[in-house]
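Student: Quick one: this structure, given as structure tokens, is what I'll be asking you about.
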Amino acid sequence: MDGAVVTVAAPVFILLGPPGAGKGTQARMLQEAQGFVQLSTGDLLRAAVAAGTDAGKAAKAVMEAGGLVSDDIVIAILKDRLADDDCARGVILDGFPRTTGQAEALDDLLADSGQRINAAISLEVDDSAMVARISGRFTCGNCGEGYHDVNKPTRALGICDKCGSSHMKRRADDNAETVSQRLTEYHNQTAPLIAYYEGKGVLQSLDAMGEIDAIAATLSGMVKDAAT
Ligand code: ADP
Ligand code: ZN
């Protein structure tokens, strides 16, 4: 028994799906319900842009055009964040990996820390519905709760149900032209990851066209089953 330490590796989940599939909404719900940490590279990049870091300066124009930020930048940002203590609770990756290069870098990072991917869960949606979903969405600038003009309006107009703030935000890249570019990038660069994770035996899929709460219930069951 000299110094044997039993460490329990923190679970890692990946949410796959096109822009508008609901990855962010579902990752937030999982964070609240099960305590895993939502890691959104989109949020991390928007924070870098707002803070005016070198990475943020390099990413800004690419994001506004609906392109993908370079693997080097995104991997560095994610690696940094994964090293934070709270990530030991387990993480839900939302918007990462988005290219095969990122997926391979993630495999290396996890191998270094003795972790594995518990499940890569693909949110299956109809592309044709994504432009409307994204064009109507907004979030609370105070607590981050997500809303949609039609699918999930606030109970009182312009007031966050959760925290009462009236500071609502719409993303600069949530307009019709940029959305179609983001969908194109998804099909060219990210959709191949479905086969990548299927090959590794960790892929699961769920129909994400229904009600947010019903999808959350199914997803929650999948995550619980794959967490250990
Ligand atoms: P969505 O999934 O709705 O498009 P995100 O917030 O995940 O929104 O991403 C917004 C933008 O941030 C993307 O269009 C892209 O420019 C950039 N981005 C986010 N994650 C990545 C990533 N893993 N690799 C490259 N670019 C990324
Ligand atoms: Zn709020």
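Every number in this text was worked out from the coordinates using simple rules, so none of it is lab data. The structure displayed is predicted, hence computed values, not measured ones. Here the Cβ positions follow ideal geometry from the backbone for every residue, glycine too, while neighbour counts run over all protein chains shown.
Student: Hey, with R₀ at 30 Å, roughly what FRET efficiency would Asp43 and Asp126 work out to, going by the Cβ-Cβ distance, to 0.05? Provide the component values of the computation, followed by the final result.
Tutor: Numbers: r = 25 Å, r/R0 = 0.85.
So the FRET efficiency works out to roughly 0.75.
Student: Could you compute the net charge surrounding Met168? Neighbours are other residues with a C-beta less than 15 Å from the C-beta of Met168; K and R count +1, D and E count -1. Don't jump to the answer; show the numbers that get you there.
Tutor: Numbers: positive: Arg137, Lys152, Arg155, Lys162, Lys169, Arg170, Arg171; negative: Glu145, Asp149, Asp161, Asp174.
Here the count lands on +3.
Student: Mind checking the dipole of region 60-128: about its Cα centre, +1 per Lys or Arg Cβ, -1 per Asp or Glu Cβ, Debye to the nearest 20? Don't skip to the answer; put the middle values down first.
Tutor: Working: 6 positive and 15 negative charges, 24 e Å.
Result for region 60-128 is approximately 120 debye, rounded to the nearest 20.
Student: Could the peptides 87-96, 38-47, 101-110 be put in order, highest first, of the mean number of other beta-carbon atoms found within 10 Å of their residues? Don't skip to the answer; put the middle values down first.
Tutor: Numbers: 87-96: 21.1, 38-47: 19.6, 101-110: 16.8.
Taking the mean over residues of other Cβ atoms within 10 Å, the ranking is 87-96, 38-47, 101-110.
Student: When only C-alpha pairs under 8 Å and at least 6 residues apart count, what is the relative contact order of region 1-128, in percent?
Tutor: Numbers: 151 pairs, mean separation 60.2, N = 128.
Across region 1-128, relative contact order equals 47 percent.
Student: Pull up the cross-link candidates among the lysines for Lys152, meaning alpha carbon to alpha carbon under 27 Å and not fewer than 8 places away within one chain.
Tutor: Within the straight-line limit of under 27 Å, Lys152 reaches these lysines: Lys23, Lys162, Lys169, Lys224.
Student: Turning to a different aspect of this structure: Per residue of the chain, what 222 nm ellipticity follows from adding -39500 (n - 2.57) for every DSSP H run with n ≥ 4, rounded to the nearest 500?
Tutor: Numbers: 9 runs with 101 residues, N = 228.
Result for the chain: -13500 deg cm²/dmol, rounded to the nearest 500.
Student: I would also like to ask the following. Figure the gain on full extension for Ser205 and Cys163 (residue separation times 0.36 nm, minus the Cα-Cα span) and round it to one decimal in nm.
Tutor: Values: separation 42, 0.36 × 42 = 15.12 nm, distance 3.28 nm.
That works out to 11.8 nm of additional length.
Student: For the chain, what is the Kirkwood hydrodynamic radius in Å, using each pair of distinct C-alpha atoms?
Tutor: Details: mean 1/r = 0.0546 Å⁻¹.
Across the chain, the inverse of the average 1/r is 18.3 Å.
Student: Using a Gaussian network for the chain with springs between C-alpha atoms less than 10 Å apart, which of these wobbles most: Ala51, Ala191, Ala59?
Tutor: Looking only at Ala51, Ala191, Ala59, the biggest GNM fluctuation is shown by Ala51.
Student: Put +1 on the Cβ of each Lys and Arg and -1 on the Cβ of each Asp and Glu in region 118-208; which of Gln189, Asn175, Ala129 then has its Cα farthest toward the positive end of the dipole?
Tutor: Positive-most Cα among the choices belongs to Asn175.
Student: Moving on to the next point. By DSSP, what percent of the beta bridges with both residues in the chain are antiparallel, rounded to the nearest 5? Present the calculation step by step, with values, prior to reporting the outcome.
Tutor: Working: 7 of 24 bridges.
Of the beta bridges lying entirely in the chain, close to 30 percent run antiparallel.
Student: Related question: Evaluate the relative contact order of the chain (contact order divided by residue number), counting alpha-carbon pairs under 8 angstrom at least 6 apart; express in whole percent.
Tutor: Working: 319 pairs, mean separation 66.3, N = 228.
Once divided by the residue count of the chain, the mean separation gives 29 percent.
Student: Compute the projected area of the convex hull of the Cα atoms of region 29-81, averaged over all viewing directions, and report it in nm² to one decimal place. List each step's numbers first, then the result.
Tutor: Values: hull surface 16.5 nm².
Its average projected convex-hull area is 4.1 nm².
Student: Using the Karplus curve 6.51 cos²θ - 1.76 cosθ + 1.60 with θ = phi - 60°, what ³J(HN,Hα) values do you get for each residue of region 135-148, in whole Hz, with x for Gly and Pro?
Tutor: 5, x, 8, 8, 10, 6, x, 8, 10, x, 4, x, 9, 9
Student: So for region 1-116, taking the charge dipole from beta-carbon charges (+1 Lys/Arg, -1 Asp/Glu), which of Ala103, Gly52, Val91 sits furthest toward the positive end?
Tutor: The listed residue farthest towards the positive side: Gly52.
Student: Ok, one more. Rounded to the nearest 20 Debye, what is the dipole magnitude of the chain about its Cα centre when Lys and Arg each give +1 and Asp and Glu each give -1 at the C-beta? Present the calculation step by step, with values, prior to reporting the outcome.
Tutor: On the way: 21 positive and 31 negative charges, 124 e Å.
About 600 debye.
Student: Please work through the chain and write down the cysteines that have no neighbouring cysteine Cβ at a distance under 4.7 Å.
Tutor: Within the chain, the cysteines lacking a partner Cβ under 4.7 Å are Cys87.
Student: Hey, got the dipole for region 37-91? About the Cα centre, +1 on K and R Cβ, -1 on D and E Cβ, debye to the nearest 20? Could you put the intermediate results ahead of the total?
Tutor: Working: 6 positive and 9 negative charges, 25 e Å.
Its charge dipole is roughly 120 debye.
Student: Among 170-178, 22-30, how do they line up by average Cβ neighbours within 10 Å per residue, starting with the highest?
Tutor: Put in order of decreasing packing, that is 22-30, 170-178.
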